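All remarks here apply to the structure that follows.
Readers should treat all values here as calculations from the given coordinates under stated rules, not as data from a laboratory. Please read these numbers as outputs of a predicted model, since none were measured by experiment. As a convention, Cβ positions derive from the backbone with ideal geometry for all residues, glycine included, and neighbour counts pool all protein chains shown.
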Amino acid sequence: MIHLSNIAKQHGTQLLFRDAGFQILPASRAGLVGPNGAGKTTIFRIITGEEEVDGGEITCAKRTTIGYFSQDVGEMSGRTALEEVMAGSEATVRLAAELKEMETAMGEPQSDDEMAALLERYGEAIEEYEHRGGYDLDSRAQTVLTGLGIGPDRFNHPVESFSGGWKMRIALAKILTRQPDVLLMDEPTNHLDVESIIWLEEWLASDFKGALLMTSHDREFMNRIVTRIIEVANKTVTTYGGNYDFYERERDIRRDQLLASHKRQQEMLAKEEEFIARFAARASHAAQVQSRVKKLEKIDRIEIPAEERAIRFEFAEPPRSGDDVACFSDLAKSWQLPGGGETPVFSGVSGIIRRQNKIAVVGVNGAGKSTFLKVLAGQTEPTGGTVSLGANVALGYFSQHAMDLLEPGKTVFETVQDAMPLLNIGVIRNLLGAFLFSGDAVDKRIENLSGGEKSRVVLATLLARPINFLVLDEPTNHLDIRSREILLDALRSFTGTVVIVSHDRHFLRSLVDRVFEIDHGEMRSYEGNYSYYLEKAHNAA
């Protein structure tokens, strides 16, 4: 379908890859992985023709349609949500108009040759229209929009009225509705809640018949979807058969084998070089020396790729809180509407959070999870009921809004130093290293950081403080898989109490021991881990 052979690409002085190649086969499901800056987005842009290769060859089967979902959705205006999604299938809509024109022309008098030519064009157009799924385009657009959380009550809302995250869903719906032969997706789950992610998994498994190549920071999503991993790293592209978990295991095995081969080669080279050095001046050994010199010149030296250092930071033991960390009784919250009146979010919510609980707050999009966390953290007053924190509770709150409070002109190091002035320089650097800021990266200004980097700065300052109650609203957003694993390790070893909202199911499975579900304004408590909650919720459905 699409073949990339011996391709090379360089950005300025940075060589991304050389002699690289892989194939996208019909109906295949592949994950594209690699460190930031390795060239994953460049691979997408090469496939779509937005960038050209410096060397090598790309071949694509005739009439192959390619759909590309990226984080840059562009401008959206002047249409309703449904119209915007339909506009992504412009070629199909145009083809439908051409078919109508040809059908009209068939009823008009013309010569046999003209009619034969028209029928031939009509047959080709019908075949193309069916291939593009033209007959169920409208119903498909509605199904996809609904699956991504935008129901019929919002189909006709202007796209300008949707926030950035919802516009991302509309852009994703636009690509999915087209049903291209090859679907390229760059972080499709970034702005989706768990329900929408599960719907997308099922849609890709049952409804989408084309080939898929995607990046994702959601480990469980990758594991459920892909059967092949394409790694862009160390100036080359390597293909692994299997899902993400298989890739991690196989990558470590291959690295161990490479290290062993490198060690053997170094031992052999040392012996040969020692022989050359010992007998270079002896005429009696000249032929042997020259033979070994030529042998060494022909050997392909095994290179060990630079290994990303994993720095572990020992977080200070937080002060012990009372056994009852937070109690809430008949809690209610409504938001005031601009034109008067109010919208109720939840009411009659009661419960106790005990010391060292690690609790996930779950519920459909708009159920009030973030609002509950705000009330719990004292960021907004409840409309009714009470919240009381226990003895010696020191609360730390993280939300996406926390990133907006960072000072753009300050460096990463200065930001952390300001938050914890008593820590010495070495401790701060070690802390930042644990959150993947090392070398010159600590001197980057906040204004030049990505969303994921800003999240890591805020989380580093939060986890290093003497806090024993963490309230975290979507801390995994914008974080790649490695950053999520670092945060997960930190929270696992955290001896305080955690309440968290996250749509990363692997993260929740690995961390929490209780679940609060907000549903239709009420809260249910599940006294078990995330898998226990899923089982109970499924049985109750």
Exercise for review: Express in whole angstrom the spacing between the alpha-carbon centres of region 179-195 and region 135-166.
Suggested key: 15 Å
Study note, to complete from the structure: Bounding extents of region 352-485 in its principal axis frame from Cα atoms, largest first in Å, are 49, 33, 27
Check your understanding: Efficiency by 1/(1 + (r/R0)^6): what FRET value for Ile352 and Arg482, r their Cβ-Cβ distance, R0 = 51 Å, to the nearest 0.05?
Key -> 0.90
Study note, to complete from the structure: The simple spin-label model distance between Ala205 and Ser77, using points 7 Å out along Cα→Cβ, in nm, is 4.2 nm
Exercise for review: Please get the size of the charge dipole for region 400-541, origin at its Cα centre, with Cβ charges of +1 on Lys and Arg and -1 on Asp and Glu, quoted in debye to the nearest 20.
Suggested key: 320 debye
Practice item. Sum up the charges of everything whose Cβ sits under 13 Å from the Cβ of Pro319, counting Lys and Arg as +1 and Asp and Glu as -1, but leave Pro319 out. Key: +2
Exercise for review: Subtracting the Cα-Cα distance from 0.36 nm times the residue separation, let me have the gained length for Ala105 to Thr227 in nm, one decimal.
Suggested key: 39.1 nm
Exercise for review: Rounded to the nearest 0.05, what FRET efficiency do Asp136 and Glu114 give with R0 = 35 Å and r taken as the Cβ-Cβ distance? Could you check?
Suggested key: 0.60
Practice item. Give a quick list of trypsin sites (Lys or Arg not before Pro) in region 37-135 that DSSP marks as loop, anything other than H, G, I, E or B, with at most 10 other Cβ atoms within 10 Å. Key: Lys62, Arg63
Check your understanding: To the nearest 20 debye, what is the magnitude of the charge dipole of the chain about its Cα centre, counting +1 on the Cβ of each Lys and Arg and -1 on the Cβ of each Asp and Glu?
Key -> 2680 debye
Check your understanding: So how much slack lies between Ser388 and Ala270, counting 0.36 nm per residue of separation and subtracting their Cα-Cα distance, in nm?
Key -> 35.5 nm
Check your understanding: List the GluC sites (Glu not before Pro) in region 1-98 that DSSP assigns to loop (not H, G, I, E or B) and whose Cβ has at most 11 other Cβ atoms within 10 Å. Which are they?
Key -> Glu52, Glu75
Study note, to complete from the structure: Simple spin-label estimate for Ala277/Leu405, 7 Å along Cα→Cβ, in nm, reads 6.1 nm
Review point. Hey, if you drop one equal point scatterer on each alpha-carbon of region 161-204 and run the Debye formula without solvent, what base-10 log of I(q)/I(0) do you get at q = 0.29 Å⁻¹?
Key: -1.24
Check your understanding: Any idea which of Ser493, Leu118, Gly452 is furthest toward the positive side of the dipole for the chain, if Lys and Arg beta-carbons carry +1 and Asp and Glu beta-carbons -1?
Key -> Ser493
Practice item. Select from region 266-308 those trypsin sites (Lys or Arg not before Pro) which occupy a DSSP coil region and have at most 16 other Cβ atoms within 10 Å, ordered by residue number. Key: Arg282, Arg301
Point to revise | Calculated over the chain: convex hull of Cα atoms, volume per residue (Å³) | key: 219 Å³
Check your understanding: Where Rh is the Kirkwood radius over the Cα pairs of region 247-298, the temperature 20 °C and the viscosity 1.002 mPa s, what D in µm²/s does Stokes-Einstein return?
Key -> 167 µm²/s
Exercise for review: Starting from the Cα of Asn430, step 7 Å along the direction of its Cβ; do the same at Leu15; then give the gap between the two resulting points in nm.
Suggested key: 3.8 nm
Check your understanding: Based on the Cα gyration tensor of region 167-295, what are the three equivalent ellipsoid semi-axes, each the root of five times an eigenvalue, rounded to whole Å and given largest first?
Key -> 54, 14, 11
**Study point:** Extreme residue, positive dipole direction of region 247-298, given options His262, Ala277, Gln288 (C-beta unit charges)
**Key:** Gln288
